[in-house]
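Right, one structure below, let's go through it.
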Amino acid sequence: MSVRKLLSLLFVFALVVAACSSADSTGTTESVDTTQPTPATTESEPAATTTEAAESAQADVILGLQLEPPTLDLTSSPAAAIPQVLLYNVYEGLVKLETDGSISPLLAESWDISDDGLEWTFHLRSGVTFHNGEAFTADDVVFSINNVLTKDPEHPFATTLASVASVEAVDDVTVKVTLSQFSANFLFFMTQGQGVILEESAVANIENSPVGTGPFAFESWTPGDSIVIVKNADYWGDGALVETVTYRYINDPNALNNAMLAGDIDIIVGVSAPELLEEFEGDDRFRVLTGRTNGEVTMALNGYTAPLDNLLVRQAITHAINSQDVVDLAYFGYGEMIGTGASPLDPYYVDLNDVYPYDQQKARDLLAEAGYTDDRPLKMLLPPVSYARRGGEIVAAQLAEVGITVEIENVEWGVWLEDVFANGAYDISIVAHVEPRDIGQYGNAEYYWAYDNPDVAALLAEADATPDDAARYALLGQVQEQITADAVNVWLFLLPALSVTKAGITGYDPNQPGLGLDLTSLALNE
């Protein structure tokens, strides 16, 4: 896989929202994710939805972020910074992932599913136009889905719609999608970047000038500085409450805070250094919001290299690490414990926190049983995000206490993507995996953490082909139990969504179950 295709992969959540390149399991249309846990309590205000509220709102809102998109082509790069700007704002799909995890209609008013789950007939909204004035029809849906299906095999979305056998326009407002086999993933993937509807004539300029049907239209991009989107006056639904949203990119978290304190921005999206929140707490000009994400902060163990190819060594490492200390010392107490490769936002999540209690003596005993000798330091490559570098120092110290020497190498993202993600030239690394439903990567033997268990791959495939929610969730529970027993990774904690807003902001939900940051209801009343 080329570095260009890997550039700014979705693992950068502490800088923005990050994500992995695959996911797994959704519910059927009749019961999609209604069993989701209640999101963590936040201080967010309800959306300002009345005309009076809209008239009193500030016309322009400025968001401060750290990581800028490498391109605006949502269909060619997995960089999370792209859907953070475009998904649900500029681009829309047939369906939408809500912040509570449910799936709702968007460009499709409704859909029918055949008894065997193989034929999906979507009934489209009429009267919808793209930002360039072209009418939205079933042909656009056919083009957009086929655009994903014909991508290069190395494309990050190449396999996500692999179950789609064909897509056809029945008439201008009806599309039929036929699957080769039932896929519980299908509808969920249609809520993400691979499900956005494109206007074919605009695709030639998609990298720099995206055209969609959303409540905002793309206005401008000044690389290294900002992206501007403006209210779509001809939007088919309830329109945006502000005229302009500016995404301003400030790489230094201290400079980002200073811009907020100076009144130059209205919202900090994704606070990467929690200790800086103290400047805003207790100041009635601001609100500090804590939301939930799917961001499993994962310490990857390269299972294809010695000594980490030894299960006993991996289990010893897991017992040797006190994850609560990592949260408290590296992330100032923000974050909740998880014991497996799933998030509490996933309806199939199994709490396995007690499988590997912190026990240094147990770790030493397992290392002795494995015949481990500390004759080669384990190479830990860490990307430039605070939770990884701070967490890495804590983990290295804890492993030293049980006789494992770790050699830390701090690298930039480009090096991390090349050495760790692409080439597997590492022993240990730490990064947040935040794409929802990414448990499917444990069935991918080529994935960077080097895990090959055919039984797990078979369980994942069976889960995707199982229509019944309860039965599917049970299979995914077995997957979690197996990957935990195999100590594939050390799941340190669930990364929270930390934001700061001006006190007058309404309609901003800090919970981030997906990659889109819907700003339709955003308003600033001052």
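The values are calculated or read from the model by the stated rules, or taken from the named source; none is laboratory data. The model shown is predicted, which means the values in this text are computed figures rather than measured ones. Because the Cβ atoms are built from the backbone with ideal geometry, glycine has one as well, and the counts that use them run over all protein chains shown.
With respect to (1) assigned to a loop (DSSP other than H, G, I, E, B); (2) in contact (Cβ under 8 Å) with a residue 12 or more places away in the chain; (3) more than 28 Å from ASP266 (Cβ to Cβ), the lone exception for PHE332 is condition (3). Please enumerate the residues belonging to the stretch 390-414 that are surrounded by 16 or more Cβ atoms within 10 Å (Cβ to Cβ) and either basic (Lys, Arg) or over 17 Å from ILE321 (Cα atoms) (or both). Within the stretch 390-414, ARG390, VAL411, TRP413 meet the criteria.
Candidates LEU74, LEU97, LEU63: the one that is closer than 30 Å to PRO344 by Cα and either touching a Leu at 6+ places or on another chain (Cβ under 6 Å) or of a type in the set (D, E, K, R) (or both) is LEU74. Only a single item in (1) in contact with a strand residue (DSSP E or B) (Cβ under 6 Å, 6 or more places away or on another chain); (2) β-branched (Val, Ile, Thr); (3) under 24 Å from ALA217 (Cβ atoms) is not met by VAL128, and it is number (1). Comparison of TYR387, TYR372 shows that the only residue that is farther than 20 Å from LEU329 by Cα and aromatic (Phe, Trp, Tyr) is TYR372.
Yes or no, residue by residue, for (1) free of Cβ contacts under 8 Å to residues at least 12 places away in the same chain; (2) closer than 20 Å to LYS96 by Cβ; (3) in contact with a Leu (Cβ under 9 Å, 6 or more places away or on another chain); (4) not small (Gly, Ala, Ser):
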{"residue": "PHE189", "(1), (2), (3), (4)": "no, yes, yes, yes"}
{"residue": "GLU200", "(1), (2), (3), (4)": "no, no, no, yes"}
{"residue": "GLU207", "(1), (2), (3), (4)": "no, no, yes, yes"}
{"residue": "PRO223", "(1), (2), (3), (4)": "no, no, no, yes"}
{"residue": "TYR247", "(1), (2), (3), (4)": "no, no, yes, yes"}
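Only one of the numbered conditions (1) more than 16 Å from the chain's Cα centre (by Cα); (2) assigned to a loop (DSSP other than H, G, I, E, B); (3) in contact (Cβ under 8 Å) with a residue 12 or more places away in the chain is not met by GLY516, and that is (1). SER166 meets the conditions (1) at pLDDT 95 or above; (2) closer than 20 Å to GLU92 by Cα; (3) surrounded by fewer than 20 Cβ atoms within 10 Å (Cβ to Cβ) in every case but one. The failed one is (2). Could you please tell me which pairs satisfy a Cβ distance under 8 Å, a separation of 6+ or placement on different chains, a first residue in the stretch 170-182 that is over 22 Å from ALA465 (Cα atoms), and a second residue that is among the charged types (D, E, K, R) and part of a strand (DSSP E or B)? The qualifying pairs are VAL170/LYS176; VAL175/GLU168. Of all residues in the stretch 139-153, those that are modelled with pLDDT of 95 or more and surrounded by fewer than 20 Cβ atoms within 10 Å (Cβ to Cβ) total 3. Residues in the stretch 156-199 that are of a type outside the set (A, V, I, L, M), outside any loop (DSSP other than H, G, I, E, B) and touching an Asp or Glu at 6+ places or on another chain (Cβ under 7 Å): LYS176, THR178.
Restrict the check to the stretch 155-162 and report whether at least one residue is farther than 22 Å from VAL211 by Cβ and in contact with a helix residue (DSSP H, G or I) (Cβ under 6 Å, 6 or more places away or on another chain). Checked against the condition, which is being farther than 22 Å from VAL211 by Cβ and in contact with a helix residue (DSSP H, G or I) (Cβ under 6 Å, 6 or more places away or on another chain), the stretch 155-162 yields at least one hit. Summed over the stretch 66-103, residues that are modelled with pLDDT of 95 or more and in contact with a Lys or Arg (Cβ under 8 Å, 6 or more places away or on another chain) total 1. The residues of the stretch 224-236 that are at pLDDT 95 or above and under 26 Å from the mean Cα position of the chain (by Cα), listed by number, are ASP225, SER226, ILE227, VAL228, ILE229, VAL230, LYS231.
Going through (1) over 22 Å from the mean Cα position of the chain (by Cα); (2) part of a helix (DSSP H, G or I) one by one, GLY303 falls short only on (2). Entry remark, the stretch 255-276: residues being at pLDDT 90 or above and more than 23 Å from the chain's Cα centre (by Cα) number 11 in total. Scanning the stretch 62-77 for residues that are out of contact with any helix residue (DSSP H, G or I) (no Cβ under 8 Å at 6 or more places or on another chain) and buried (at least 24 other Cβ atoms within 10 Å of the Cβ) yields a single hit, LEU63. In the stretch 461-492, the qualifying residues are those that are within 20 Å of the chain's Cα centre (by Cα) and at pLDDT 95 or above, and the one that is farthest from VAL395 (Cα to Cα) is LEU476. Residues in the stretch 425-452 that are surrounded by fewer than 19 Cβ atoms within 10 Å (Cβ to Cβ) and over 22 Å from the mean Cα position of the chain (by Cα) were compared, and the one that is farthest from ARG389 (Cα to Cα) is ASP452.
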